[in-house]
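Participant: Have a look at the structure that comes next, please.
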């Protein structure tokens, strides 16, 4: 870090090395020995046990074969931990991507999906190296809660056909309402055995979480369901019957099919992947920071996510991002650093090499049960209820985001939610500006600006004090007050000592007031302006001879008293 002294005090200016050094390097520099490796190995194995059924379930729900989910966790997860800016981040396929991936596959096929995944990786690299990760954190909390809840509803709805063993005529619609109509039409194909297997899996996961929280509930539930289906020869579809099992080796890396028309077709999907991946990964890193007291490097993390998505695409995988549940499991399992995430990927690779044939016995209804639990856990129920009660603005942003994500489109939900949240924030901030004026008569008839009395020793002098953020949102309100400065007064003092921020719109308002004062023969003095405020005002022409600048109101009043005996200076 390098320190610089400016008008705001001492501030740290991180170097390129500070921003993009992977946390793995930091951990190794701190000292890494056998004890730390053992802790990371235990945590990595624990996370791999959780990731094994989840990666396959997410891949199947996304419209691709289960092995692609494992490739994503192995390749993408390893790169995220190797190059990432978080000590504890676990990368892999995420439930939040199910809808996007499934719709991309439906429109452009697997080749289009892989190309979009690689393109999203390039976009993430650009976002990271341009140091835009900080701005992604500005997504309002109601947007993330509403978005996550909407995703959860969509994930659960996508698993209804497997939960009830339904056989649809034709392709299952992607939109929620048409999907529910198609499922209702296929209710005659209901398979009680599939529903029982799904419910047993859910019961085992929930029961173990409550009574044996250290046990890998998802793996135990899927394993038990597989044994029951195989032993009793139940008529339930499995990975083997639908996909023919999973390969016992990793595929050779290969570039995706490249075609200019296909690039243009999948460009919106790639942008959506990058946007969602950036939000999800940084949110996961923030959760890990909150659990451990550490700080992640956001731009370094985005760069790692970019390389991870490129690597996943080369091996035929799907989108990679930071996964909150697996990252939290990693922290709770006692991980020391990124080695645990790298080992989690190696453990998954070992499963493919050694035990891949066992995956053929896994019932799809059991994996649907796993995703049903994931969807339930994704909904931040307490936060959702709190935001509904907190304020009308937060509730509106939450419900609009949730509704658009659920019934329209994920990207549209994020963009509209962010825009709506920004407008509400601007509205709230515009109400925080305050103007204090000496003459209470000037306040009559105004209900939009807060006034308090200020003392002026000279009856021909009026003092206005602006406090808060003076920006475009409050410019009209303050401007209507400043229009009265020539009201039978000879001296006008504008106290800007409490102005925290001033933008070009506000500077233009003050410029107009200064010109009006000049035409009316009113002395215009600005007191207490910080260097940043003064610099902005100077840039807009608010400078002598139109105005004078003084450090305080007292200095301005003394200047007026002295100059009242003489001619107003030209400069």
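Participant: Taking residue 120 as the residue in question, decide whether it is more than 19 Å from the chain's Cα centre (by Cα) and either at negative phi or in a helix (DSSP H, G or I) (or both).
Facilitator: no
Participant: Tell me, please, whether a residue that is farther than 26 Å from residue 167 by Cβ and outside any helix (DSSP H, G or I) can be found in region 217-232.
Facilitator: Within region 217-232, not a single residue is farther than 26 Å from residue 167 by Cβ and outside any helix (DSSP H, G or I).
Participant: Any residue in region 380-389 that is under 24 Å from residue 70 (Cβ atoms) and surrounded by fewer than 23 Cβ atoms within 10 Å (Cβ to Cβ)?
Facilitator: Checking region 380-389: not a single residue is under 24 Å from residue 70 (Cβ atoms) and surrounded by fewer than 23 Cβ atoms within 10 Å (Cβ to Cβ).
Participant: To continue, here is another question. Which of the following residues is surrounded by fewer than 23 Cβ atoms within 10 Å (Cβ to Cβ), touching a helix residue (DSSP H, G or I) at 6+ places or on another chain (Cβ under 9 Å) and not in a helix (DSSP H, G or I): 87, 107, 131? Even if it seems obvious, please write down each step before you answer.
Facilitator: Values: 87 fails: surrounded by fewer than 23 Cβ atoms within 10 Å (Cβ to Cβ); 107 fails: not in a helix (DSSP H, G or I).
Exactly one of 87, 107, 131 is surrounded by fewer than 23 Cβ atoms within 10 Å (Cβ to Cβ), touching a helix residue (DSSP H, G or I) at 6+ places or on another chain (Cβ under 9 Å) and not in a helix (DSSP H, G or I), namely 131.
Participant: Restricting attention to region 313-337, report how many residues are surrounded by 23 or more Cβ atoms within 10 Å (Cβ to Cβ) and over 22 Å from the mean Cα position of the chain (by Cα).
Facilitator: Residues flagged as surrounded by 23 or more Cβ atoms within 10 Å (Cβ to Cβ) and over 22 Å from the mean Cα position of the chain (by Cα) within region 313-337 amount to 5.
Participant: Among the residues of region 542-551, which ones are within 43 Å of the chain's Cα centre (by Cα) and either surrounded by 12 or more Cβ atoms within 10 Å (Cβ to Cβ) or not assigned by TED's automatic domain parsing to the domain that holds residue 518 (or both)?
Facilitator: 542, 543
Participant: Quick check: anything in region 61-73 surrounded by 17 or more Cβ atoms within 10 Å (Cβ to Cβ), at pLDDT below 90 and in a helix (DSSP H, G or I)?
Facilitator: yes
Participant: Hey, could you check region 170-182 for residues that are closer than 19 Å to residue 365 by Cα and more than 31 Å from the chain's Cα centre (by Cα) and say which is modelled with the lowest pLDDT?
Facilitator: Across region 170-182, the extreme among qualifying residues is 171.
Participant: Those residues that are without any contact (Cβ under 8 Å) to a residue 60 or more places away in the chain and more than 13 Å from residue 119 (Cβ to Cβ), I need them from region 253-264; list them, please.
Facilitator: Answer for region 253-264, where residues must be without any contact (Cβ under 8 Å) to a residue 60 or more places away in the chain and more than 13 Å from residue 119 (Cβ to Cβ): just 261.
Participant: Which count do you get for residues in region 525-541 that are under 13 Å from residue 504 (Cβ atoms) and either surrounded by 17 or more Cβ atoms within 10 Å (Cβ to Cβ) or over 39 Å from the mean Cα position of the chain (by Cα) (or both)?
Facilitator: 5
Participant: Identify, from the list 275, 255, the residue that is in contact with a helix residue (DSSP H, G or I) (Cβ under 8 Å, 6 or more places away or on another chain) and surrounded by 13 or more Cβ atoms within 10 Å (Cβ to Cβ).
Facilitator: Answer to the selection: 275.
Participant: Further question: Collect the residues in region 209-222 that are surrounded by 18 or more Cβ atoms within 10 Å (Cβ to Cβ) and either within 31 Å of the chain's Cα centre (by Cα) or closer than 9 Å to residue 366 by Cβ (or both), keeping them in residue-number order. Walk me through it before giving the result.
Facilitator: Start the filter on region 209-222 by keeping residues that are surrounded by 18 or more Cβ atoms within 10 Å (Cβ to Cβ), which leaves 216-222.
Correct list: 216, 217, 218, 219, 221, 222.
Participant: A follow-up question, please. So which helices (runs of 4 or more DSSP H) stay within region 317-380 end to end and still have 2 or more residues that are under 25 Å from residue 233 (Cβ atoms) and assigned by TED's automatic domain parsing to the domain that holds residue 282?
Facilitator: Values: elements: 324-332, 339-355, 364-378.
Those helices (runs of 4 or more DSSP H) span 364-378.
Participant: Separate question: If residue 54 satisfies every condition in (1) at pLDDT below 90; (2) not in a helix (DSSP H, G or I) but one, which is the exception?
Facilitator: (2)
Participant: A further question follows. In the set 374, 370, 354, 320, which member is farther than 27 Å from residue 167 by Cα and touching a helix residue (DSSP H, G or I) at 6+ places or on another chain (Cβ under 9 Å)?
Facilitator: Exactly one residue qualifies, and that residue is 320.
The values are calculated or read from the model by the stated rules, or taken from the named source; none is laboratory data. Here the structure is a predicted model, which is why all the values come from computation and not from measurement. Because the Cβ atoms are built from the backbone with ideal geometry, glycine has one as well, and the counts that use them run over all protein chains shown.
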